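First up is the structure itself, then whatever we jot down about it.
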Amino acid sequence: MTASVCLEKVTCTFASRSGEGSYTAVRDVDLAIEDGEFVSVVGPTGCGKSTLLNVAAGLLRPSSGHVKIHDEPLVGINRRAGYMFQAEALMPWRSALQNVIAGLEFRGEDGENARHRGAEWLERVGLSGFGDRYPHQLSGGMRKRVSLAQMLILDPQILLMDEPFSALDVQTRQLMENELLELWSADRKSVIFITHDLEEAISLSDRVVVLSAGPATRPIGEYVIDLPRPRDVSEIRLAPRFIELHDRIWHAMKDEVLKGYQQTRNRTAP
Amino acid sequence: MRRKLWVWQVLLLVALFAVWHVATHPELIPPVVWDNPSRAAFFFGEPLKILKVMGDWFTGGEIYPHLWVTLQETALAFVIGSVLGLAIGLWLGLAPFASALLDPYIKAANAMPRVVLAPIFMVWFGLGIWSKVALGVTLVFFIVFFNVYQGVKEVSPVVLNNATMLGATRRQLLRYVYLPSATSWVFSSLHTSVGMAFVGAVVGEYLGSAKGVGYLIHMAEGSFDINTVFAGILVLTIFALVLDFAVSAAEKRLLVWRPTQGETEQQL
């Protein structure tokens, strides 16, 4: 099997705002995602998880290190990847349907065919009949569904997801997680799923990568999740194996989370 | 409740005219400020006469060509000023070096009272409508320009990144993200910029022209015909109200995607 995304010794250093000194968000990160693998990356808040994802997307060039997509070095934007952002990313002046087909339009596939496919995707994410609503007329969960359809309509081989459901309430979130698993299992894309929620990470993934607290974040542990599929995210949380895995990973994470918490406290303290 | 408010608003208008009428009509009340009872009428006009002048204008059809000219000037100034403001705002918003270079000049041009340019425009464009359009353009341009410039700077980076990941080229970003975003800022300044276009047209007419409502006012002023001056002012006010109403209607249609307060979200 070839790795669909491979980060080799990736380091990202940012110049600090004051102009003097610099901040290293991630240092010497090696991360490989197999074809069709669902990998979650968990870590304490503010540890540079999104930085890694931006590097894989080609939105951010690492200060040093290499990114390979299907064994080819990544130049510019990663055209094989779809990205789902944590914040609102829909164009507010476009209706749900127009948002879904935006990527097709960028490719020059305009017109009836594109609209037809857009409507199909809206149906698949449970939003048929909502095509002409504008984002502000949709609930948070519905907007996430539109984002999902917007990404998946382009049929990317790699999905990059940056805490996509963190803004949703628990019930909506579990619904969306199940739907994501269902859509994913249909054609097994490679997924990098960023989250700070360990339960979400375990219930969705094949593998969980734990990051250390920032600065200079690096992976400190990898755990294969051998839970059977298909899964139901709310049921699987009660399985004994789930609790066992959760305990193990949580033990490894705890110190880092405390470290990260301490740092954010120091940063905000006067 | 809304209907009742409407009635009160009309009543207030009537009351204002009544007070005006009584205060300026000689012999209705004893003179308080002036010894000569017709002095008040000389300075403040008489509502009945003013309404008669307006009635004659509209029934006789004398006012329509003037209104038409003022409307043309306003519309042209608005369209040209907006397009220029949009184009240059987009350009400078996306070109940091050019914007840094031109920054002091733009600030200076904006700080300058642009009405003083009117005589120059008269020389350049003559007494026809184009000198008024030019004056209006200088007023509209800066409002639209600053709005668009700010709008471009404030386009959500997430929306931009998202469009980039969906495969948008730099050109497509401009067309599908920056332009709609900037246009929405143009629309949000619609009331102000239409108002400014109107101000430019009327002030230009007032300073020198052969047609337009501003010209009517200027002529009447020359012959101390205060009633006609007031009639012109009232016509302009009504005209501005109609214009504002039209803008509101256009805004409602063009900005459907904007969240309005109190609108309920549709829960799935």
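Mind counting the residues in the range A:114-138 that are without any contact (Cβ under 8 Å) to a residue 12 or more places away in the chain and either within 8 Å of chain B (Cβ to nearest Cβ) or small (Gly, Ala, Ser) (or both)? It would help to see each step written out before you state the result.
The first filter runs over the range A:114-138 and keeps only residues without any contact (Cβ under 8 Å) to a residue 12 or more places away in the chain, leaving A:116, A:120, A:123, A:128-129, A:137.
Subsequent filtering for residues that are either within 8 Å of chain B (Cβ to nearest Cβ) or small (Gly, Ala, Ser) (or both) retains A:128-129, A:137.
Of the residues in that region, 3 qualify.
Taking the options B:Gly232, B:Gly151, B:Gly195, B:Gly214, name whichever one is assigned by TED's automatic domain parsing to the domain that holds B:Glu73, small (Gly, Ala, Ser) and touching an Asp or Glu at 6+ places or on another chain (Cβ under 7 Å). Spell out the reasoning first.
Details: B:Gly232 fails: touching an Asp or Glu at 6+ places or on another chain (Cβ under 7 Å); B:Gly151 fails: touching an Asp or Glu at 6+ places or on another chain (Cβ under 7 Å); B:Gly195 fails: touching an Asp or Glu at 6+ places or on another chain (Cβ under 7 Å).
Selected residue: B:Gly214, the only one of B:Gly232, B:Gly151, B:Gly195, B:Gly214 that is assigned by TED's automatic domain parsing to the domain that holds B:Glu73, small (Gly, Ala, Ser) and touching an Asp or Glu at 6+ places or on another chain (Cβ under 7 Å).
Among (1) assigned to a loop (DSSP other than H, G, I, E, B); (2) within 30 Å of A:Thr24 (Cβ to Cβ); (3) touching a helix residue (DSSP H, G or I) at 6+ places or on another chain (Cβ under 9 Å), which single condition is A:Gly129 missing?
So the condition that A:Gly129 fails would be (2).
Could you please let me know if A:Gln157 is surrounded by fewer than 16 Cβ atoms within 10 Å (Cβ to Cβ) and either touching a strand residue (DSSP E or B) at 6+ places or on another chain (Cβ under 7 Å) or closer than 22 Å to A:Phe242 by Cβ (or both)? Steps first, answer last, please.
Numbers: surrounded by fewer than 16 Cβ atoms within 10 Å (Cβ to Cβ): no; either touching a strand residue (DSSP E or B) at 6+ places or on another chain (Cβ under 7 Å) or closer than 22 Å to A:Phe242 by Cβ (or both): yes.
No, not satisfied.
Looking at (1) of a type outside the set (D, E, K, R); (2) surrounded by 14 or more Cβ atoms within 10 Å (Cβ to Cβ); (3) in contact with a Phe, Trp or Tyr (Cβ under 6 Å, 6 or more places away or on another chain), which is the one condition that is false for A:Ser16?
The single condition A:Ser16 does not satisfy is (2).
Specify the residue that is farthest from the other protein chains (Cβ to nearest Cβ); the eligible residues are those in the range A:86-113 that are within 25 Å of B:Leu254 (Cα to Cα) and surrounded by fewer than 15 Cβ atoms within 10 Å (Cβ to Cβ).
Residue satisfying both the conditions and the ranking: A:Glu112.
So which residues in the range A:148-178 are acidic (Asp, Glu), on the phi < 0 side of the Ramachandran plot and within 15 Å of the chain's Cα centre (by Cα)? Spell out how you get there, then give the answer.
Filtering the range A:148-178 for residues acidic (Asp, Glu) gives A:155, A:162-163, A:169, A:177.
Subsequent filtering for residues that are on the phi < 0 side of the Ramachandran plot retains A:162, A:169, A:177.
The answer is A:Asp162, A:Glu177.
For the structure I just gave you, tell me whether B:Leu139 is outside any helix (DSSP H, G or I) and touching a residue at least 60 places away in the same chain (Cβ under 8 Å). First the steps, then the outcome.
On the way: outside any helix (DSSP H, G or I): no; touching a residue at least 60 places away in the same chain (Cβ under 8 Å): yes.
So B:Leu139 does not fit the description; no.
Residue under question is A:Glu34, and the condition is that it be within 16 Å of the chain's Cα centre (by Cα), surrounded by fewer than 21 Cβ atoms within 10 Å (Cβ to Cβ) and either away from every other protein chain (no Cβ under 14 Å) or more than 22 Å from A:Asp162 (Cα to Cα) (or both); does it hold?
On the way: within 16 Å of the chain's Cα centre (by Cα): yes; surrounded by fewer than 21 Cβ atoms within 10 Å (Cβ to Cβ): yes; either away from every other protein chain (no Cβ under 14 Å) or more than 22 Å from A:Asp162 (Cα to Cα) (or both): yes.
Answer is yes for this residue.
Out of the range B:88-126, which residues are over 30 Å from B:Arg175 (Cβ atoms) and basic (Lys, Arg)?
Filtering the range B:88-126 for residues over 30 Å from B:Arg175 (Cβ atoms) gives B:104, B:108, B:111-126.
The answer is B:Arg114, and nothing else.
The values are calculated or read from the model by the stated rules, or taken from the named source; none is laboratory data. Owing to the predicted nature of the structure, the values given are computational and were not obtained by experimental measurement. As a convention, Cβ positions derive from the backbone with ideal geometry for all residues, glycine included, and neighbour counts pool all protein chains shown.
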